[in-house]
Amino acid sequence: MSVPITPEAAAAAALLGPEPSGLSVPPGAGPALQPTLFELSRPGRGGGKVAHPPKDALDRIPAAARRVTPPALPEIDEPTVARHYVNLSRLNYSIDTGFYPLGSCTMKYNPKVNEWAARLPGFASLHPFAPDALAQGTLDLLWQLEEALAAISGMEAVTLQPAAGAQGELAGILMVRAYHRARGDLDRTEVVIPDNAHGTNPATASMAGFTTVSIPSAPDGGVDIEAFRSALGPRTAAIMITNPSTLGLFEKRVVELLEMVHAVGALAYMDGANLNAIMGHFRPGDAGFDVMHFNVHKTFGTPHGGGGPGAGPVGVRAALVPFLPSPRVLREADGTFRLEAPGERPSSIGRMRSFVGNTGVLIRAYAYIRAHGGPGLVQVSEDAVLAANYLKHRVAEAYEVPFERPCMHEFIASAAALKRDTGVRTLDVAKRLIDYGHHPPTIYFPHTVEEGMLIEPTETESVETLDAFADALIAIAREAHEAPGLVTSAPTTAPVRRLDEAAAARQPNLRWRPVAGAETPCPE
Ligand SMILES: *Cc1c(COP(=O)(O)O)cnc(C)c1O
């Protein structure tokens, strides 16, 4: 039973009439927005659990170093603080609270055993400056993870240093640059990238000093071989392609494409963020890719979103090994491990990040790979592809699916026809999904599909969850025809309605400023 909780929702629901059986909007008003700690502050209130300092504590601090006025800190009792943070945490939507089909992001459930492994004191308490002799366990794990990623990808060697996929791309393209320079091949200034690439690809190419040449994709969603052929030449340093692509399609012409790329002396970069679709079925190294990155937080498992944390290891073929970032983890003849010394390998592009990388994320990836084993990882990919194709088939009842051939781990649906018929846009559908208790999919990406929704269910969801999501999308399409106001005014059950996302991103107001004597200390 749907229980509208705002007057707008009640009015809109009245327009729609009774719901068909089996469909319901969850009644729960989400948790409410919380006042800031400064607004909760009351003079003289506090936990009082901190031991009182000695009477002469202040006198021990030189007068010049003492504040003239006390800091404007909030004064709050402990239960209020505890409730404040617990209530704030309930405003979060996470994979542990619900379905999160955010295409391109692989928001799969992360097994808790990974958390156990990453928190083992031997890993978690290891000082980053600990000498190699005291860090053998961690170095051993990192070395084994490199080996595992090399085996999964068919690459010669792997660096674990980059802190995310985007930084992995940068490391990879810097190695490409170093490769051409080392051969004295200095005129290669261009990187060729299809127009449906992840935005990080062209950003990477320009950060590394290259010019991006953008290539339209073919009508079937794959690369346009002829467009590539005319873009490739003596100025091409590399191509970057995402495989499976950001449309969730496997690139069928990859062998032909890579032959063309290598024939002009360029290198081929594979954005491997979507490796969760192909493990055990396709190894980029075997296909001829020269360099690729992994998004271990997506493909294997670390809770991510909200900006991190992640890790973006990079795999390379033999020709690029000399340029790998330093320090590498080395295994000595006696089986012990050590980090490369500074300057030990002058051909290296140098350091990409402090220490050896986001070790906590790398431990989670190792735990995930070990827990699944080879056959388990193949099953992961097969289940991810099965779930996506099942959901695509169900969603096609109410939305267009522009590419009919089977998808990989994600698929793109479009609300273009719905918009023509009812005025309801993809953005409205996404907002209305929140009222049905689901996280919206990625919308308006890639830009090449009008009113697109990129939906990635991942292998961890049950058929019941997939059905509930498909039912919600189908119900929203029906609402769009019968009571479009219900969809265009959504969300009605969330603590906030439609936010100005551009202003929030461009003019964020994140700082609290005290105002002496003001009723509320939070003026903005
Ligand atoms: C997520 C993603 C990236 C960027 O990875 P981050 O870890 O977020 O930096 C790059 N390419 C593709 C295709 C992705 O899905």
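Laid out as a table, the results:
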item: Cα lying deepest toward the dipole's positive end in the chain, options 71, 366, 267, charges on Cβ; result: 71
item: Total charge dipole magnitude, the chain, about the Cα centre, Cβ charges on Lys, Arg, Asp, Glu only, Debye to nearest 20; result: 1720
item: Peptide ranges 448-456, 89-97, 58-66 listed from the most packed, as the mean C-beta count within 10 angstrom indicates; result: 448-456, 89-97, 58-66
item: Neighbour net charge for residue 205 - beta-carbon separation under 9 angstrom, K R +1, D E -1; result: -2
item: Positive-end residue, the chain charge dipole about Cα centroid, Cβ charges, pick of 137, 406, 442; result: 137
item: For residue 272, distant residues with modelled amide H under 5 Å away; result: 293
item: Sequence-distant residues sharing a close amide H with residue 120 (under 5 Å, placed H); result: none
item: Within-11-Å neighbourhood charge of residue 177 [Cβ basis; K, R +1; D, E -1]; result: +1
item: Charge tally in the Cβ shell below 13 Å around residue 89, where Lys, Arg are +1 and Asp, Glu are -1, residue 89 excluded; result: +1
item: Charge dipole magnitude, Cβ of K and R +1, D and E -1 - region 156-229, Cα centre, debye nearest 20; result: 340
item: Packing rank of 99-107, 210-218, where each peptide gets the mean count of other beta carbons within 10 Å, highest leading; result: 99-107, 210-218
item: Global size of region 376-496 as Cα Rg and Dmax, reported in angstrom; result: 14.2, 46
item: Neighbour-count ranking [beta-carbon atoms within 10 angstrom, fewest first] of 445, 129; result: 129, 445
item: FRET efficiency estimate (nearest 0.05) - Cβ-Cβ, residue 378 to residue 253, R0 25 angstrom; result: 0.55
item: Cα gyration tensor shape for the chain, rounded if a/c is under 1.5, else prolate or oblate; result: oblate
item: Mean Kyte hydropathy of 0.0 or more with a Cα span along the axis of at least 27 Å, helices from DSSP in the chain; result: 359-395, 463-482
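Only the coordinates and a few stated rules stand behind these numbers; no lab work does. Owing to the predicted nature of the structure, the values given are computational and were not obtained by experimental measurement. Here Cβ is always computed from backbone atoms with ideal geometry, including for glycine, and neighbour counts include all displayed protein chains.
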